[in-house]
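Peer 1: Handing you a structure now.
The values are calculated or read from the model by the stated rules, or taken from the named source; none is laboratory data. Remember, it's a predicted structure, so these values are computed and weren't measured experimentally. Here the Cβ is made from the backbone with ideal geometry for all residues, glycine too, and neighbour counts use every protein chain on show.
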Amino acid sequence: MAVRRKRRSGKRRSPIPGLRARLSEAEETLKAIRTGLVDAVVVSGPGGERALVIEGATHPYHVLLNAMGDGAALLDPDGTILFGNRRLGEIAGASLESLRVSRFQQLVIPAERSRFETFLREGAGLSGAREFALVDGAGVATPVWIALSAVPAGAGPAPAGSDAQNGVTVLMAIITDLTDRKQAEATRLRLLERLISAEDDERRRVARELHDETGQSLTALLVGLRAIEDQAVTVDVRSAAQRLRRVAAQTVDGVGRLARGLHPSILDDLGLAVAARRHASDFTKAFGVAVDLRVDGTVSPRLPLLVQTTLYRILQETLTNVARHARAEVVVVELKYQGTVLELVVRDDGVGFDVAAVLNQASGLGLHGMQERVALLGGAVEIESTPGTGTVVRARIPAPPPTTPEPAPA
């Protein structure tokens with residue numbers, strides 16, 4: 001007996017509307033890709049979902065980075081370049097394609113690569129910036145300032161030609177070319193050096209004229225007044241001549257101090273140590289403040305002219321400030337070597353002052369002048385003081401000591 005099966009009631013759902021919806025979605029996606037609205041797609045596979053960048057797609061972030069005047073790069077924590085903009089390619093003298101298959105360390109000059117590795121490791125956890133030098137294919141080094149910051153990979157553009165790794169931290173590097181800034185600074189330093197040299201030459205000329213011309217004229221006046229005293233003249237004339245001779249003698253001493261203050265000839269003839277002793281002695285006589293001068297025996301009298309002139313000016317300026325403001329009783333001056341650095345230390349027991357406040361005032365121009373002079377020679381000036389605790393001025397200038405002993409100055 002044949003049994004006929006009843007057909008199930010109800011209509012089978014047609015797949016056509018779903019296919020049409022998927023086709024419409026695919027067409028919209030292709031349209032977005034063609035117009036540049038999409039530069040990556042997500043595909044599912046055995047390994048899960050992956051975001052793949054479309055070859056040739058231009059992400060708005062890429063457009064922005066390529067328009068920057070500074071170099072820019074996205075780096076893996078190990079330094080692999082995921083993206084580099086056009087300016088970075090110009091600085092490194094490399095194509096963008098070659099940048100994407102290299103590590104940033106290869107762009108850094110060999111002497112600084114170890115330091116850059118440390119900088120890279122530190123940058124993975126926090127932002128930072130340091131100066132390095134990048135070298136191009138021709139071996140030409142370019143000074144740059146690299147600012148490094150950590151950003152989530154999903155927050156920025158996916159590097160062209162590679163997979164985006166959502167949730168993984170990458171490093172954003174902004175590379176600023178310092179060539180123009182270095183050249184401008186070098187020009188400024190050359191002009192400053194010429195200005196200081198011209199100032200010192202003028203001081204030297206005026207001091208020489210005071211000594212040779214004004215001093216000689218006053219000396220001749222002294223001799224003439226002495227001759228008048230020795231002649232058979234009246235008591236009134238002799239008394240007037242003696243009084244005038246004392247005034248002339250004081251004027252000769254004043255002119256001598258003025259000439260030495262402008263530029264002591266002993267500085268050129270016998271060196272910094274002897275000139276410092278003379279100035280300390282004059283200071284004590286003029287202001288009644290004891291100066292304890294301690295000079296390292298290795299300080300050469302044949303120091304470069306600009307070095308010894310600079311330290312002498314700092315000693316002058318510091319002792320002048322002590323006389324005007326410190327109300328000190330004792331000043332200790334040390335001139336010594338710290339390795340290959342010549343150090344001048346002036347320490348007083350005066351009333352002290354607020355360093356930051358004085359440097360921000362016009363009255364701090366003397367301190368600014370000291371700092372500029374020393375910076376010109378690659379050194380630095382440190383000023384330590386607080387109200388009521390005295391002041392320490394420490395100036396350091398690179399000046400290697402002599403390799404052979406020198407005879408002591410007469």
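Peer 1: Can we say residue 291 is in contact (Cβ under 8 Å) with a residue 12 or more places away in the chain, of a type outside the set (S, T, N, Q) and surrounded by fewer than 17 Cβ atoms within 10 Å (Cβ to Cβ)?
Peer 2: Judged against the criteria, residue 291 is not a match.
Peer 1: So residue 342 passes all but one of these: (1) without any contact (Cβ under 8 Å) to a residue 12 or more places away in the chain; (2) crowded, with 19+ Cβ neighbours inside 10 Å. Which condition number does it fail?
Peer 2: (1)
Residue by residue, here is whether (1) hydroxyl-bearing (Ser, Thr, Tyr); (2) crowded, with 16+ Cβ neighbours inside 10 Å; (3) assigned to a strand (DSSP E or B); (4) in contact (Cβ under 8 Å) with a residue 12 or more places away in the chain holds:
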| position | (1), (2), (3), (4) |
| --- | --- |
| 306 | no, yes, no, yes |
| 324 | no, no, no, no |
| 368 | no, no, no, no |
| 375 | no, no, no, no |
| 382 | no, no, yes, yes |
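Peer 1: Also, I was wondering about something else. Inside the stretch 210-238, can you point out the residues that are within 54 Å of the chain's Cα centre (by Cα) and of a type outside the set (A, V, I, L, M)?
Peer 2: 211, 212, 213, 214, 215, 216, 217, 219
Peer 1: Moving on to the next point. Against the condition closer than 30 Å to residue 318 by Cβ, surrounded by fewer than 16 Cβ atoms within 10 Å (Cβ to Cβ), at pLDDT 80 or above and not polar (S, T, N, Q), how does residue 278 come out, does it pass?
Peer 2: So residue 278 fits the description; yes.
Peer 1: Name the residue that is farthest from the chain's Cα centre (by Cα), counting only residues in the stretch 44-87 that are of a type in the set (Val, Ile, Thr) and either part of a helix (DSSP H, G or I) or at pLDDT 85 or above (or both).
Peer 2: Narrowing the stretch 44-87 to residues of a type in the set (Val, Ile, Thr): 53-54, 58, 63, 80-81.
Checking which are either part of a helix (DSSP H, G or I) or at pLDDT 85 or above (or both) leaves us with 63, 80-81.
Details: 63: 34, 80: 30, 81: 29 Å.
Looking at the filtered set, the residue picked out is 63.
Peer 1: Looking only at residues that are outside any helix (DSSP H, G or I) and among the hydroxyl-bearing types (Ser, Thr, Tyr) in the stretch 88-113, which one is surrounded by the fewest Cβ atoms within 10 Å (Cβ to Cβ)? So that I can check it myself, show each step before the final result.
Peer 2: At the first step, the residues of the stretch 88-113 found to be outside any helix (DSSP H, G or I) are 93-95, 101-103, 108-109.
Pick out the ones that are also among the hydroxyl-bearing types (Ser, Thr, Tyr) and you get 95, 102.
On the way: 95: 10, 102: 15.
Going through the qualifying residues, I end up with 95.
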